[in-house]
Amino acid sequence: MAVPKRRVSRSKRDKRRTHDRLKAVNIVECSRCHSKKISHRVCPNCGYYHGEEIIPQEEKGKKKGKEEAGKEEAGKEKADKKETKKEAKK
């Protein structure tokens, strides 16, 4: 088993650890929507980077998840079945 030949001094240990710290993230303002974002990254709010749309964004209010869209379709199908039953009884 490897064993150190000499004790490592405080200064030598601390010099080795100088690069172990966390670096601060550079936060800038998006030029399009003026929200805060990390520099050299696509804006998470508007989806633009360097004046080009990278991530297409839908309009607010129209954006829905997969689950919500599935529930709406199921609700429409049930309503259609009820209407056809009413028409058949007449």
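For the range 31-45, backbone phi angles converted through the Karplus equation (6.51, -1.76, 1.60; θ = phi - 60°) give residue-by-residue couplings of 6, 8, 10, 6, 8, 7, 8, 7, 5, 6, 10, 5, 5, x, 7 Hz, Gly and Pro being listed as x.
Whole-Hz Karplus values for the range 52-59 come out as 10, 7, 9, 10, x, 10, 7, 5 Hz, taken residue by residue from phi with 6.51 cos²θ - 1.76 cosθ + 1.60 and θ = phi - 60°; glycine and proline positions read x.
If the chain between T18 and S35 were fully stretched, how many nm would it gain, using 0.36 nm times the residue separation less the Cα-Cα distance?
2.8 nm
Taken together, the values in this text are just the output of simple stated rules run on the coordinates, not laboratory data. None of the values given here were measured: they were computed from a predicted structure.
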